[in-house]
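Below you'll find the structure, written out as structure tokens, and then a few comments.
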Amino acid sequence: MKSILVTGATGTLGREVRRVLVEQKQDFRLLSRSAHVDDEPSHWLVGDLKKNVGLDAAVESVDTIIHCATGAGDSLAAENLIAAATRTGVAHLVYISIVGVDRIPFGYYRTKFQVERLIEESGLPHTILRATQFHNLVYSIFSAQHYWPVLFIPDIRVQSIEVAEVAERLAEIALDPPAGRVPDIGGPRVRTIRELAELYLASSGSRRRVVRLPLRGRAITAFRVGDHLCPDNPYGTGTFEQFIARRAGTPGSTG
Ligand SMILES: NC(=O)c1ccc[n+]([C@@H]2O[C@H](COP(=O)([O-])OP(=O)(O)OC[C@H]3O[C@@H](n4cnc5c(N)ncnc54)[C@H](OP(=O)(O)O)[C@@H]3O)[C@@H](O)[C@H]2O)c1
């Protein structure tokens with residue numbers, strides 16, 4: 001059985017990857033900057049990718065790394081992880097990226113594209129999966145405006161995906177041989193943000209208005225033409241409606 005290290009194991013995606021690995025009874029470890037205790041404390045390791053702390057111990061005896069951690073300084077974090085993985089001879093580095101990072105001139109995406117290239121040039125056997133936005137992200141754009149009289153949106157389309165399905169695909173990739181760039185994955189349908197905003201408001205019976213933000217610039221133009229979409233590969237089946245139905249009842253989550 002392969003030993004798998006998950007970075008970013010406390011994050012939105014990392015928590016789901018962990019759930020899948022538990023279900024599959026895989027041998028795994030979880031990296032976080034903070035100490036965690038759960039029913040299996042030996043799973044958790046403390047380390048900081050950016051500060052280069054605890055990484056040799058984290059990757060020791062690991063066959064595969066699923067790199068889900070993200071934050072300010074992602075390139076430096078990747079360099080440190082790659083160096084540690086190279087020292088210990090990790091057999092497979094799996095990286096989650098975002099559809100369109102090579103086409104959309106948006107700061108966070110540029111960094112992700114840079115990390116992709118660092119991994120490709122590292123000499124480490126690797127697989128890079130690009131996914132579209134998670135339903136959670138779209139939802140958080142709406143819920144962050146909970147106390148505002150209207151709901152502001154950019155006039156773009158999205159193909160948001162259920163994060164659990166991205167985690168399942170990553171776990172599958174982690175057990176497969178390294179494959180370089182694999183086909184992008186997206187949610188079941190391409191929809192306007194306005195449509196999703198209206199679904200979100202309707203789910204709580206809110207009568208707030210949806211207002212389009214007059215955004216300009218090269219990044220928003222790339223989003224408008226759909227450079228962040230992969231309509232030819234609607235991998236996920238979980239819909240935004242199902243996501244908000246699950247969230248219903250969470251205090252402050254809609255409206
Ligand atoms: N959100 C989306 O819609 C979306 C779509 C496609 C791809 N992705 C990609 O999926 C990945 C995961 O995204 P997410 O939304 O799950 O992120 P998230 O919820 O913000 O979680 C970030 C994780 O990174 C860890 N982390 C941050 N800085 C760290 C450091 N210096 N050292 C070690 N760990 C560090 C955090 O762990 P601790 O705080 O416990 O240390 C946390 O678990 C990212 O690469 C993102 O670009 C996201």
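The values are calculated or read from the model by the stated rules, or taken from the named source; none is laboratory data. The shown structure was predicted, so the numbers you read here are calculated from the model rather than taken from an experiment. Cβ: placed from backbone, ideal geometry, glycine included. Neighbour counts: every protein chain shown. When the accessible area is computed, the model is the full protein with side chains, heavy atoms only, and any ligands, DNA or RNA have been set aside. Shrake-Rupley method; radii C 1.70, N 1.55, O 1.52, S 1.80 Å.
How large, in percent, is the carbon and sulfur part of the accessible surface of the chain at a probe radius of 1.4 Å?
54
Report the net charge of residues surrounding R181, where surrounding means a beta-carbon distance below 15 angstrom and charges are Lys +1, Arg +1, Asp -1, Glu -1.
Combined, the nearby Lys, Arg, Asp and Glu give -1.
Can you tell me the orientation of helix 193-203 relative to the chain, as the angle in degrees between its alpha-carbon axis and the longest Cα principal axis, to the nearest 10?
80
Given an 8 Å cut-off on Cα distances and at least 6 residues of separation, report the relative contact order of the chain as a percent.
Here the relative contact order equals 19 percent.
Mind putting together the pair-distance distribution for segment 21-125? All Cα pairs, 10 Å bins, whole percent per bin, short to long.
Cα pair-distance distribution for segment 21-125, in percent: 14, 45, 31, 9, 0.
At 7 Å along Cα-to-Cβ for each site, give me the label-to-label distance between L215 and Q145 in nm.
Using points 7 Å along Cα→Cβ, the separation is 1.1 nm.
Taking θ = phi - 60°, what integer Hz values does the Karplus form 6.51 cos²θ - 1.76 cosθ + 1.60 yield along segment 123-130, in sequence order, with x for Gly and Pro?
x, 7, x, 8, 9, 10, 10, 9
Pull up all non-local amide H partners of L151: gap of 5 or more, or a different chain, and H-to-H distance under 5 Å with H placed in the peptide plane.
Answer set, sorted by chain and number: R209, V210, V211.
Straight-line reach from K51: which aspartates and glutamates fall under 13 Å, measuring Cα to Cα and dropping same-chain residues less than 8 apart?
Excluding near neighbours in sequence, the set is D74, E79.
Report the percentage of all Cα-Cα pairs in segment 3-248 whose separation exceeds 21 Å, rounded to a whole percent.
In whole percent, the share of Cα-Cα pairs in segment 3-248 beyond 21 Å is 59.
Which angle between 0 and 90 degrees, to the nearest 10, do you get for helix 74-88 versus the longest principal axis of the chain when only C-alpha atoms count?
30
Add +1 for every Lys or Arg and -1 for every Asp or Glu among the other residues with Cβ under 12 Å from the Cβ of I104, and state the total.
After counting each charged neighbour, the total is +4.
Treat segment 111-255 as a sphere of radius equal to its Kirkwood radius over Cα pairs and apply Stokes-Einstein at 4 °C in a medium of 1.567 mPa s; give the translational diffusion coefficient in µm²/s, rounded to a whole number.
After rounding, the answer is 77 µm²/s.
List the aspartates and glutamates whose alpha-carbon lies under 20 Å from that of K2, not counting same-chain residues fewer than 8 positions away?
E16, E23, D27, E40, D56, E60, D63, E168, E172, D176
Per-residue counts of other Cβ atoms within 10 Å, averaged by peptide: what ranking do you get for 6-14, 57-65, highest first?
Listed from highest to lowest mean packing, they are 6-14, 57-65.
Report the percentage of all Cα-Cα pairs in segment 170-218 whose separation exceeds 16 Å, rounded to a whole percent.
65
Count the net charge of all other residues whose Cβ sits under 9 Å from the Cβ of A91, scoring Lys and Arg as +1 and Asp and Glu as -1.
For residues surrounding A91, the net value is 0.
Just to be sure I understand: of the beta bridges DSSP finds with both ends in segment 3-248, what percent are antiparallel, rounded to 5?
Expressed as a percentage, antiparallel bridges in segment 3-248 total about 10.
When only Cα pairs under 8 Å and 6 or more residues apart are kept, what is the percent relative contact order across segment 86-126?
49
Under the √(5λ) rule applied to the eigenvalues of the Cα gyration tensor, what semi-axes describe the equivalent ellipsoid of segment 89-184? Give them in Å, descending.
Result for segment 89-184: semi-axes of 30, 16, 10 Å.
Per residue, how much accessible surface does segment 3-248 expose to a 1.4 Å probe? Answer in Å², no decimals.
So segment 3-248 comes to 47 Å² accessible per residue, rounded to a whole number.
Taking square-rooted eigenvalues a ≥ b ≥ c of the alpha carbon gyration tensor, is segment 176-255 rounded, prolate or oblate, where a/c under 1.5 means rounded and, failing that, a/b exceeding b/c means prolate?
oblate
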